[in-house]
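Enquirer: This is the structure, below, for whatever I ask next.
The values are calculated or read from the model by the stated rules, or taken from the named source; none is laboratory data. Given the structure is predicted, the values throughout are model-derived calculations rather than measurements. Neighbour counts are summed over all protein chains in view; Cβ atoms, including those assigned to glycine, are modelled from backbone coordinates with ideal geometry. Ligands, DNA and RNA are stripped out before the accessible areas are found, and what is left, the full protein with its side chains, is counted by its heavy atoms. Shrake-Rupley method; radii C 1.70, N 1.55, O 1.52, S 1.80 Å.
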Amino acid sequence: MTLDTPSLSPGLEGVPIAESSVSLVEGEAGRLTYRGYSIEDLTQPGVTFEEVVALLYESELPTGTHVDEIRRHLHDQRVLTPDQLAVARQIGAMTHPMFALQAATALLAPSDNDFERKVPTVQERGLSLVAKVGHLVGIIAQARAGRPYDGPWVGESHAHMMLRMITGRQPSREHERAMNALLILQADHSAGNASTFTARVVTSSKAEPEAVCAAAIGALSGPAHGGANEASLRLFQQIGDPKRAEEQIQRMLDDKFKIPGFGHRVYHVKDPRSKVIQQLAKEVIVPGSREADLYDIALTVEKVATERLGARGLYPNVDLFSGCVFAALGIPTDFFTPIFAASRTLGWMVHMKEQWESGNRIFRPTQIYTGEEHRDFMPIDRRS
Ligand SMILES: CC(C)(COP(=O)(O)OP(=O)(O)OC[C@H]1O[C@@H](n2cnc3c(N)ncnc32)[C@H](O)[C@@H]1OP(=O)(O)O)[C@@H](O)C(=O)NCCC(=O)NCCS
């Protein structure tokens, strides 16, 4: 290798793309912290998503009074124009909710395209998107279920608003607590994951926050990233019977099928988020229910896949058990990833702010060219 031919790192494995103080993923220890606080502490009963909004933006845990202010601020920021609401309902019924969310988010953008002039508003615009994207998920769910629009209530938490709008039911305290924990757990995962990296790449072109967020939603939609929560539950539904799970998973692994919810680029032990989610599963899954069967299947997947792949550093990730908890909360399967997106909007927007504060140089990596060099052009009538 010479200095002129840099070596390729497929998937940019091990290549730092930013300096960041938002969250830390410690792959060998199986630890995730936000601004130094462990996700186990941040998902204790009583902690709300609003607290984590303050923590990620302001680097400190907020007082109770400040959390109330944030809750009111998010409520005020949820307001949409009649056109935005009508379009979100219309597209919500047309396509997968993740794509509807991506389109509806892009349509929140202003009529000008000159964000550099507006950089001092980066936090305000980010908070507005955190408020609105959660609201949009609720609107899309109501439209898909054929229910009339019933928007945010004064004083309700982000978790309560989303769960109520998505399920069409008033959530219990236990369900609201689980929803808070799920929103917190998925709010950030360092700068290097595919969707946050996307958010940073789009930020680097000085794009508006809505363009940043819509692009990141697209990156999150894929089954190798956020879409794995939906894919894993669909797999468990397809397996159907917990008694047949072991034999089917063995066969899938023989066929080199990639089990959704398993494996991770950075964690080579069990993902700490999956342990928190298993605690939530104990709290919300009713014994004897359909979700209890699906959870049994997930446990069999963990056992068989760990026996076969654990020695290679492959273990359950956040998506192996999250679908079972979402299902137990009454959330339709195709809304698992949109909820993830609403939660991760917080991380994307905090990374956008951090990147502007650290210079925001445009991403312009290089390539290793493998094509033809300098060929003679032949006019069309002389080609045989
Ligand atoms: C997360 C993921 C994309 C990481 O990808 P990566 O770091 O590029 O790792 P690779 O896909 O190259 O996998 C490395 C090896 O482990 C195997 N492997 C990885 N994940 C696997 C899985 N879920 N099931 C079975 N085998 C798996 C691969 O087949 C590959 O084996 P090989 O070396 O024999 O070809 C990958 O583990 C995956 O696709 N998991 C399922 C999707 C998922 O749950 N995504 C959510 C992540 S939070």
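One line per residue, one yes/no per condition, for (1) more than 25 Å from THR43 (Cα to Cα); (2) in a helix (DSSP H, G or I); (3) modelled with pLDDT of 95 or more:
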position: ASN113; (1), (2), (3): yes, no, yes
position: LEU129; (1), (2), (3): no, yes, yes
position: PRO148; (1), (2), (3): yes, no, yes
position: GLN170; (1), (2), (3): no, no, yes
position: ALA178; (1), (2), (3): no, yes, yes
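Enquirer: Kindly indicate whether ARG344 is of a type in the set (Lys, Arg) and open to solvent by 10 Å² or more (accessible area, probe 1.4 Å).
Expert: Spelling it out, it is not the case that ARG344 is of a type in the set (Lys, Arg) and open to solvent by 10 Å² or more (accessible area, probe 1.4 Å).
Enquirer: When the residues of the range 219-273 are narrowed to those that are of a type in the set (Ser, Thr, Tyr) and in a helix (DSSP H, G or I), which ends up least open to solvent (accessible area, probe 1.4 Å)? Quick ask: steps written out before the conclusion?
Expert: Just the residues of the range 219-273 that are of a type in the set (Ser, Thr, Tyr), to begin with: 221, 232, 267.
If we keep only those that are in a helix (DSSP H, G or I) as well, we get 221, 232.
Details: SER221: 34, SER232: 1 Å².
Per the stated criteria, the residue is SER232.
Enquirer: When you scan the range 198-218, do you find a residue that is within 14 Å of the ligand (Cβ to nearest atom), out of contact with any Asp or Glu (no Cβ under 8 Å at 6 or more places or on another chain) and part of a helix (DSSP H, G or I), even just one?
Expert: For the range 198-218, residues within 14 Å of the ligand (Cβ to nearest atom), out of contact with any Asp or Glu (no Cβ under 8 Å at 6 or more places or on another chain) and part of a helix (DSSP H, G or I): absent.
Enquirer: Sticking with this structure for a sec: Considering only the range 274-289, state which residues are away from the ligand (no atom under 16 Å from the Cβ) and either touching a helix residue (DSSP H, G or I) at 6+ places or on another chain (Cβ under 8 Å) or open to solvent by less than 60 Å² (accessible area, probe 1.4 Å) (or both). Give the steps one after another, and end with the answer.
Expert: To start, the set of residues in the range 274-289 that are away from the ligand (no atom under 16 Å from the Cβ) comprises 279-289.
Residues satisfying the conditions are LEU280, ALA281, GLU283, VAL284, ILE285, VAL286, SER289.
Enquirer: Listed residues ARG144, ARG164; which is in the same structural domain as ALA187 (by TED's automatic domain parsing), open to solvent by less than 40 Å² (accessible area, probe 1.4 Å) and either at pLDDT below 95 or over 18 Å from CYS213 (Cα atoms) (or both)?
Expert: ARG164
Enquirer: Go through the range 303-326 and report how many residues are under 20 Å from GLY27 (Cα atoms) and surrounded by 22 or more Cβ atoms within 10 Å (Cβ to Cβ).
Expert: 8
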